[in-house]
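Remarks on the structure that follows.
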Amino acid sequence: MNILFVADPLESFKIHKDTTFSMMREAQKRGHQVTACEMTDVRWQQGESVTAQVREIRLTGDAATWFTETRTHRAALKDFDAVVMRKDPPFDSEYFYATHLLGQAEREGAKVFNSPAALRNHPEKLAIMEFPQFIAPTLVTKSEADIRAFHAQHGDIILKPLDGMGGTGIFKVGADGLNLGVIIETLNQGGAQTVMVQQFLPGIAHGDKRVLLIGGKPVPFCLARIPQGGEVRGNLAAGGKGVAQPISTRDREIAEALGPILVSRGLTLVGLDIIGDSLTEINVTSPTCFQEITDQMGCDVAALFMDAVEAALPNA
């Protein structure tokens with residue numbers, strides 16, 4: 001098979017931890033052609049299919065120069081056996097437009113993972129609203145008064161922007177309300193921006209768990225991202241320590257409830273964020289943690305993903 005990965009620049013990959021790299025490595029191991037492009041390479045013109053200027057590559061096994069480029073050319077996305085969307089967040093206007101280009105490619109016959117429509121319909125923080133039985137007390141609002149009332153009710157709270165990634169823009173406010181006013185001003189921009197507010201979960205001390213769903217089924221191990229040095233954020237990008245561990249009974253309960261629903265919508269790969277017993281986010285754009293789980297637990301997550309992709313293709 002020829003698999004196209006729509007990703008960030010190859011030269012920017014940190015291959016010791018990059019999930020897209022691990023997918024590519026598994027694809028090549030199975031004899032598939034690995035091809036890559038960036039979203040800036042994708043175009044549509046009237047009378048043509050959606051195409052991209054693509055790079056056929058060969059992984060070398062060398063950490064210093066991890067790939068060689070064997071060919072570059074323009075190709076229609078529908079002519080690939082699979083298109084794997086791995087462009088990192090944020091989900092901004094350009095990402096939104098990208099899902100429409102990929103949606104057109106789908107109409108032309110391309111097989112895209114994850115589904116472009118599903119990417120649009122599952123904003124990573126707001127998607128939890130569909131599953132209130134699994135989440136902690138949560139508020140989504142632009143209103144300062146609503147936020148203050150929520151704080152008065154719940155004491156310790158977390159505030160975060162809806163378009164943040166990697167733990168950026170997340171604030172914790174204690175029961176004393178110190179700095180709550182300035183944090184609200186910073187996040188809601190005078191009532192112009194919507195904010196998510198959640199009850200603080202002390203379970204964060206044991207990690208913000210990334211539970212992976214592949215083909216609607218939970219991977220048996222998760223990565224607990226544990227805050228370090230007085231931080232309340234467990235995100236690896238914010239300095240959290242990643243500790244792989246078996247998923248808990250509660251993790252599995254949440255994953256098995258959501259898995260069939262999400263995969264039926266075209267979400268082959270999903271990253272659930274769970275703190276303690278509560279679901280906090282549903283990540284669909286570019287879920288990570290493959291290599292950390294594989295390295296620490298010996299569970300080949302990239303192989304599970306490639307199995308799911310192949311199983312979803314009619315001629316694999």
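The values are calculated or read from the model by the stated rules, or taken from the named source; none is laboratory data. Since the structure is predicted, the reported quantities are computational estimates derived from the model, not experimental observations. Here the Cβ is made from the backbone with ideal geometry for all residues, glycine too, and neighbour counts use every protein chain on show.
Quick check: anything in the range 187-200 in a helix (DSSP H, G or I), surrounded by fewer than 21 Cβ atoms within 10 Å (Cβ to Cβ) and not assigned by TED's automatic domain parsing to the domain that holds Thr141? Checked against the condition, which is being in a helix (DSSP H, G or I), surrounded by fewer than 21 Cβ atoms within 10 Å (Cβ to Cβ) and not assigned by TED's automatic domain parsing to the domain that holds Thr141, the range 187-200 yields no hits at all. The set of residues in the range 27-41 that are within 13 Å of Arg86 (Cβ to Cβ) and surrounded by 19 or more Cβ atoms within 10 Å (Cβ to Cβ) comprises Ala27, Val34, Thr35, Ala36, Cys37.
Taking the range 79-100 as the range and being closer than 13 Å to Trp44 by Cα and surrounded by 18 or more Cβ atoms within 10 Å (Cβ to Cβ) as the test, the residues that pass are Ala98, Thr99. Quick check: is even one residue across the range 292-308 of a type in the set (D, E, K, R), in a strand (DSSP E or B) and in contact (Cβ under 8 Å) with a residue 60 or more places away in the chain? No, the range 292-308 contains no residue that is of a type in the set (D, E, K, R), in a strand (DSSP E or B) and in contact (Cβ under 8 Å) with a residue 60 or more places away in the chain.
Here's the yes/no breakdown for (1) among the polar types (S, T, N, Q); (2) in contact with a strand residue (DSSP E or B) (Cβ under 7 Å, 6 or more places away or on another chain); (3) over 22 Å from Gly166 (Cα atoms):
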{"residue": "Gln53", "(1), (2), (3)": "yes, yes, yes"}
{"residue": "Gly61", "(1), (2), (3)": "no, no, yes"}
{"residue": "Ala82", "(1), (2), (3)": "no, yes, yes"}
{"residue": "Asp92", "(1), (2), (3)": "no, no, no"}
{"residue": "Gly103", "(1), (2), (3)": "no, no, yes"}
{"residue": "His122", "(1), (2), (3)": "no, yes, no"}
{"residue": "Ala145", "(1), (2), (3)": "no, no, yes"}
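There is at least one residue in the range 223-232 that is in a strand (DSSP E or B), touching a residue at least 24 places away in the same chain (Cβ under 8 Å), under 17 Å from the mean Cα position of the chain (by Cα) and crowded, with 20+ Cβ neighbours inside 10 Å.
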